[in-house]
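Right, one structure below, let's go through it.
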There are 2 protein chains.
Amino acid sequence: MTFSTADTPLVRVHNARAALDLLRREAPLSRVEIARRLGTTRPTGSAVVTTLVEVGLVREVPSPAAGGRGALYEPVAEAAHGLALDVGGRVLRLAVTDLSGRVVARRTVEHHGASPRELAEVAVGLRDAALAEAGLAPADLSATVVGVPGVLDPRSHRLTRANPDRAGGPAVADAVTRGLGHEPQVENDINLAALGERASGRAQGVDDFAFLSVGTGVGSGLVLGGALHRGRHGAAGELELSGSEGSAAEHALLRLVAEGREGGTPTSLAADATPADVFEAAAGGDPLATAVLGELAARLARHIGDLARVVDLELVVLGGGIGSRCAGLLDDIETRLHGTVLFPPRLAIASLHGSPVLDGAVSLATASAYAVAIGRLDATSSPAPAADPDTADRDRPGPGSIPAAGAGRRRRRTP
Amino acid sequence: MTFSTADTPLVRVHNARAALDLLRREAPLSRVEIARRLGTTRPTGSAVVTTLVEVGLVREVPSPAAGGRGALYEPVAEAAHGLALDVGGRVLRLAVTDLSGRVVARRTVEHHGASPRELAEVAVGLRDAALAEAGLAPADLSATVVGVPGVLDPRSHRLTRANPDRAGGPAVADAVTRGLGHEPQVENDINLAALGERASGRAQGVDDFAFLSVGTGVGSGLVLGGALHRGRHGAAGELELSGSEGSAAEHALLRLVAEGREGGTPTSLAADATPADVFEAAAGGDPLATAVLGELAARLARHIGDLARVVDLELVVLGGGIGSRCAGLLDDIETRLHGTVLFPPRLAIASLHGSPVLDGAVSLATASAYAVAIGRLDATSSPAPAADPDTADRDRPGPGSIPAAGAGRRRRRTP
DNA sequence: GGACTTTAGTAAGACTCTTTTACGAAAGTC
DNA sequence: GACTTTCGTAAAAGAGTCTTACTAAAGTCC
């Protein structure tokens, strides 16, 4: 990592960014109040606000007191928008957000075994419908985030391992990507779920945690030191090799049931019982269901133990079709963790309303759109805008880091 | 994380930092060459160099061509020094470094069962001897790093779990800390070894790897995304609960030998064989030794598999008394990893010359001393220096991040 | 060996941005 | 209704970089 040099106009950009950042946290503030909170002088604070208003990122909140006196300012949430898309196994979820993170339009559609191309068409149709509802044009989208199952190589941005028994698959991701244009940011769905739990779920304010998804398969998304950790090949948190030791958590569960029945364990479970049935039966005291869930708890404790020993987490959030039903198993799992892990993490069940994956995609799309919007400050202060498309895609726009005067806004050398 | 505002003089500091950073990478450069490399204009580059020379961080390299024409500049390595101390199980290692990372004095001493207080006295004595050799005074040390076995809480900076069967222990760390004054930065020894392998060992240039120490116990240090990952309680990488499933790798190995002998496996190993003997015997084809090392390989493969599945590493470096002898087992381990891990990491044996722990401590101490030295730029441009002691201790001085104009150097508000 | 070209380094003026100091006006308070 | 507090702006000074221009040293070519 190497330093880039700073310019005099750059400090204005920097201060404007600080002011906008402040306004995003504390809604309506006056000019001098901004200056105070920023630690600058009144004239500077005022000038910075003027800059932000000119760029269109901040506006005077229409107050009842019409006089220009004591005017309050707020960020313009509609200055940019982001698109979030979750390509799930059975449904396609889509949301359009503004800069405040508010969802201004939302769509969900079931897609039973659609081909990749059909899926892409559906996605584009959904997007256009949502945009129409929000009164926006495709060009108004500054960032797009697509969540898909599978492992994404962080360098090539390609799917290297798609979970074959889920809808995803490289073809879908590619088709959707092409259909949407605008080069979206493709991210693993479980990683997004982790971000979702952090943005609006059970992991708010937690800097070291994992989202453990237990459904058709078992996988996890890791947030370490406040940032998503993807690993060298984007495979961090892939706890089970698909195909190994009876992965596919759901199948494993049902197989246990079948074996128990054959073994003669008394049970009220039907032959075609679903995982939900197992949980229900266990709650009613069914012996076989109870035993099966005991096995599940042991297996989850093993995974959580591995996670905690390696990266030392504060919290593990359980989600997914099976994981989100495990509230009754938490005590059992906790007991098993004691004596296995130096510092057992807290356990929680994922928030149940809405989709954590879409929440995470929304959160990422909002952050990316914000990064793009902030770029306007750079652009206006320089002759050559040179909007670097990669800059927007960089995750975590790193507060405190100066935006590299390098690329576009360099002065010309003497001829 | 919140932004701080920027000041006009701050851009000078920022540019000076960039110039120094550049000079540290590419040794002797002329004023205009610096300007060119930095992407600034000649006048600015020249002014920045002048600033750095005034502060004493850069000097003109005495060239044969006496004329001021074409003068070259280099960083002043002696502008600050750091102290690195490794409190090992049997020996105390100490090194004094300059800003270039060069070790200017080094001491090693055996300490058999010394009390914590004695140990601290020995450490202080060593330090003074090393300083005398280097012609320095204690006040010349800008940073001190102490490596100890045990888990350090990153918030309280206290030892929460000291490995009882190693020399460390909280008392030693405390005593050494007090004896050295100057509030040293205490770090887990295996974490330091990881940093050492990255700075000057087998992990140079690798951003995601683990140092797996196999000796009396098994533990690992993780570097993720280029930075040390300590975890919520500083226990990341503590793969075995001390006391569980026959931890203490060395004991486990010897117990396997004993069991094998009783079980009648043919062997040439004596009853009091050491781990080194086992490796030697296995090399000679001894059946029992071979079997025991097979067990060891299986165990290491399990640990490495856990690490790789959770954080997806590029490389795992094996070190420690037993780990560094495992070159012959790497193929075996690799085979076991296939089919267990999606992307098996590369494997390597730790560099054998010198001590990785001390190397890591040296690297950290150098970085901290550099951060302190850089602080002089801030100080000289402000009326109130207000040297924040915590700033120096922050690991990874984060290039690209601006040093928070906040604290000391704020203007006074209008009365 | 001498003239020409390239390059290192500096000097002066313009521009940007922050700070300081000062001033005017609106809003609250007794 | 007068006084005080606070919001907001204006003007000048300080700091830093950029542009342009200039000097002088070192190569280079004939």
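Restricting attention to segment B:212-235, the residues that are surrounded by 19 or more Cβ atoms within 10 Å (Cβ to Cβ), within 13 Å of another protein chain (Cβ to nearest Cβ) and part of a strand (DSSP E or B) total 10. Residues in segment A:1-38 that are within 9 Å of DNA strand D (Cβ to nearest atom), among the hydrophobic types (A, V, I, L, M, F, W, C) and more than 29 Å from B:Thr41 (Cβ to Cβ): A:Leu29, A:Val32, A:Ile34, A:Ala35.
Scanning segment B:1-12 for residues that are assigned to a helix (DSSP H, G or I) and at the interface with another protein chain (Cβ under 9 Å from one of its Cβ atoms) gives B:Thr8, B:Leu10, B:Val11, B:Arg12.
Taking (1) farther than 30 Å from A:Ala16 by Cα; (2) more than 16 Å from DNA strand C (Cβ to nearest atom); (3) modelled with pLDDT under 50 in turn, A:Asp331 satisfies each apart from (3).
Screening B:Val186 against (1) at pLDDT below 95; (2) in a loop (DSSP other than H, G, I, E, B) leaves a single unmet condition, (2). Would you say B:Asp86 is modelled with pLDDT under 95 and in contact with a Gly (Cβ under 6 Å, 6 or more places away or on another chain)? The answer is yes for B:Asp86.
Condition first: within 16 Å of DNA strand C (Cβ to nearest atom), in contact (Cβ under 8 Å) with a residue 40 or more places away in the chain, closer than 30 Å to B:Leu38 by Cα and of a type in the set (A, V, I, L, M). Can you find one or more residues in segment A:59-72 that meet it? No, because not a single residue in segment A:59-72 is within 16 Å of DNA strand C (Cβ to nearest atom), in contact (Cβ under 8 Å) with a residue 40 or more places away in the chain, closer than 30 Å to B:Leu38 by Cα and of a type in the set (A, V, I, L, M). Every listed requirement among (1) open to solvent by 60 Å² or more (accessible area, probe 1.4 Å); (2) free of Cβ contacts under 8 Å to residues at least 12 places away in the same chain is met by B:Pro28 save one, (2).
Looking at segment A:236-244, is at least one residue in a helix (DSSP H, G or I), surrounded by 17 or more Cβ atoms within 10 Å (Cβ to Cβ) and in contact (Cβ under 8 Å) with a residue 12 or more places away in the chain? Within segment A:236-244 (the criterion being in a helix (DSSP H, G or I), surrounded by 17 or more Cβ atoms within 10 Å (Cβ to Cβ) and in contact (Cβ under 8 Å) with a residue 12 or more places away in the chain), the answer is no, since none of the residues qualifies. Could you list all residues from segment B:13-25 that are more than 7 Å from chain A (Cβ to nearest Cβ) and in contact (Cβ under 8 Å) with a residue 60 or more places away in the chain? If the condition is that a residue be more than 7 Å from chain A (Cβ to nearest Cβ) and in contact (Cβ under 8 Å) with a residue 60 or more places away in the chain, then B:Val13, B:Ala16, B:Leu20, B:Arg24 are the ones that fit.
Can you work out which of the residues in segment B:39-49 that are within 13 Å of DNA strand C (Cβ to nearest atom) and more than 27 Å from B:Ala143 (Cβ to Cβ) is surrounded by the fewest Cβ atoms within 10 Å (Cβ to Cβ)? Among those that are within 13 Å of DNA strand C (Cβ to nearest atom) and more than 27 Å from B:Ala143 (Cβ to Cβ), it is B:Pro43.
May I ask you to verify whether A:Thr267 is more than 14 Å from chain B (Cβ to nearest Cβ) and within 29 Å of A:Arg198 (Cα to Cα)? So A:Thr267 fails the test.
Just a yes or no: is a residue in segment B:39-53 more than 16 Å from DNA strand D (Cβ to nearest atom), within 31 Å of the chain's Cα centre (by Cα) and among the β-branched types (Val, Ile, Thr)? There is no residue in segment B:39-53 that is more than 16 Å from DNA strand D (Cβ to nearest atom), within 31 Å of the chain's Cα centre (by Cα) and among the β-branched types (Val, Ile, Thr). The set of residues from segment B:128-141 being touching a strand residue (DSSP E or B) at 6+ places or on another chain (Cβ under 8 Å) and either among the acidic types (Asp, Glu) or buried (at least 22 other Cβ atoms within 10 Å of the Cβ) (or both) comprises B:Glu133, B:Asp140, B:Leu141.
Of the helices (runs of 4 or more DSSP H) lying entirely inside segment A:257-367, those carrying at least 1 residues that are over 27 Å from A:Asn188 (Cα atoms) are A:275-283, A:287-311, A:330-337. With respect to the conditions (1) within 14 Å of another protein chain (Cβ to nearest Cβ); (2) surrounded by 20 or more Cβ atoms within 10 Å (Cβ to Cβ), B:Ala249 lacks only one, and its number is (1).
The values are calculated or read from the model by the stated rules, or taken from the named source; none is laboratory data. On a predicted model such as this, the values are computed, not experimentally measured, just so you know. Note that we place each Cβ from the backbone using ideal geometry, even for glycine, and neighbour counts take in every protein chain shown. Surface accessibility is based on the protein's heavy atoms, side chains included, excluding ligands, DNA and RNA. Shrake-Rupley method; radii C 1.70, N 1.55, O 1.52, S 1.80 Å.
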